[in-house]
Amino acid sequence: MPAKTQEIILASGNVGKIREIQAILNQHVIVPQSQFNLVEAEETGQTFIENALIKARHATTLCQRPAIADDSGLVVDALEGAPGVISARYAGEQASDAENLAKVLQQLGNTPAAKRSARFICVIAFLKYPDDPCPIIAQGVWEGQILFEPKGKNGFGYDPIFWVPEKNCSSAELNSAIKNSLSHRGQALQQFQQQLKHSSA
Ligand code: IMP
């Protein structure tokens, strides 16, 4: 396990994700890649796993330090898995969170509540160095439903339209500690920490 002072580069420029990952991995020194002025990697993979590996490999190559990446997104059954790996840019390359979630609501139209099942997926990839043949991969899944309109102000991305059945509210109505204890990202990062403990990193 890396010493607590050993830096892990976080291959993300997403402020919402960075905040959540730093809160959950508070036993580690997590340094966003923006501090190295990196150009973000192009996410050319078709799956969350491929994209997480691409981003972590890019960061460890350019920073010459261990790197972690989160590739995540929303998977809506009635939209055949969309927005999926393009969740961050569903309504266009520069689209805002509000535009992306508006597109999901528009695509779903009047689809009834019983058919609005969805889930957040998060894949975490950790590489010690660019050619690391044994990356740590961890995955979390958070089941919910898509609301008919946004609710709540917390979180980021699609949180305002993601209904959390176990709490009877949207993900954007949860405080950060409760979200992190339930979410796809929270699950994946707990699993990552267990794997890291048992690895030779
Ligand atoms: P990525 O940077 O390609 O992994 O993009 C992930 C995108 O998925 C984010 O920009 C959000 O739109 C969405 N997303 C991932 N995790 C969450 C979450 O916890 N809440 C809300 N939206 C999320």
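The values are calculated or read from the model by the stated rules, or taken from the named source; none is laboratory data. As the structure is a computational prediction, the values presented were derived from the model and not from experiment. Because the Cβ atoms are built from the backbone with ideal geometry, glycine has one as well, and the counts that use them run over all protein chains shown. All accessible areas refer to the heavy atoms of the entire protein, side chains included, with ligands and DNA or RNA removed. Shrake-Rupley method; radii C 1.70, N 1.55, O 1.52, S 1.80 Å.
Brief remarks on what is shown
- Largest to smallest in accessible area, the residues 198, 28 fall in the order 198, 28 (1.4 Å probe, all protein chains included).
- Extension gain for residue 166 to residue 107 (0.36 nm times residue separation, less C-alpha to C-alpha distance): 18.7 nm.
- Per residue, the convex hull around the alpha carbon atoms of the range 40-103 comes to 85 Å³.
- 1.4 Å probe accessible area per residue over the chain, in Å²: 49 Å²
- Rounded to the nearest 10 degrees, the angle from helix 48-63 to the longest Cα principal axis of the chain is 40 degrees.
- Net +/- balance of residues flanking residue 129 in space, Cβ distance below 10 Å, scoring K and R +1, D and E -1: +1
- CD proxy at 222 nm, helix term only [per DSSP H run n ≥ 4: -39500 (n - 2.57); per residue of the chain; nearest 500]: -9000 deg cm²/dmol
- Across every pair of non-identical alpha carbons in the range 75-134, the mean reciprocal distance, once inverted, gives a Kirkwood radius of 13.4 Å.
- With the highest mean first, a sort of the peptides 33-41, 147-155, 8-16 on other beta-carbon atoms found within 10 angstrom per residue produces 8-16, 147-155, 33-41.
- The convex hull drawn around the Cα atoms of the chain, when projected onto a plane and averaged over every direction, covers 10.7 nm².
- Computed over Cα pairs, the Kirkwood radius of the range 112-163 leads via Stokes-Einstein (0.890 mPa s, 25 °C) to a diffusion coefficient of 183 µm² per second.
- Packing order of peptides 125-133, 61-69, 111-119, highest average first: 61-69, 125-133, 111-119 (average count of other Cβ atoms within 10 Å over each peptide's residues).
- The chain: angle of helix 15-24 to the longest principal axis, Cα-based, in degrees nearest 10: 60 degrees
- Relative contact order %, the chain, counting alpha carbon pairs below 8 Å whose residues are six or more apart: 19 percent
- Estimated dipole of the chain in Debye, rounded to 20 [Cβ of Lys and Arg +1, of Asp and Glu -1, Cα centre]: 500 debye
- Share of carbon and sulfur in the accessible heavy-atom surface of the chain [1.4 Å probe, %]: 51 percent
- Restricting the range 1-100 to trypsin sites (Lys or Arg not before Pro) in coil, as DSSP defines it, with at most 10 other Cβ within 10 Å: 4
- For the range 142-186 versus the range 43-101, the gap between their alpha-carbon centres in whole angstrom: 19 Å
- Of the residues 112, 177, 137, the one whose Cα sits farthest toward the positive end of the charge dipole of the range 104-201, with +1 on the Cβ of Lys and Arg and -1 on the Cβ of Asp and Glu, is 112.
- 17 Å cut-off, amide nitrogen to a point 7 angstrom out along residue 94 Cα→Cβ, residues in the range 61-80: none
- Residue by residue, the range 105-120 carries 3J(HN,Hα) couplings of 4, 5, 5, 7, x, 9, 3, x, 3, 5, 10, 9, 5, 7, 8, 8 Hz when phi is fed to the Karplus relation 6.51 cos²θ - 1.76 cosθ + 1.60 (θ = phi - 60°); x denotes Gly or Pro.
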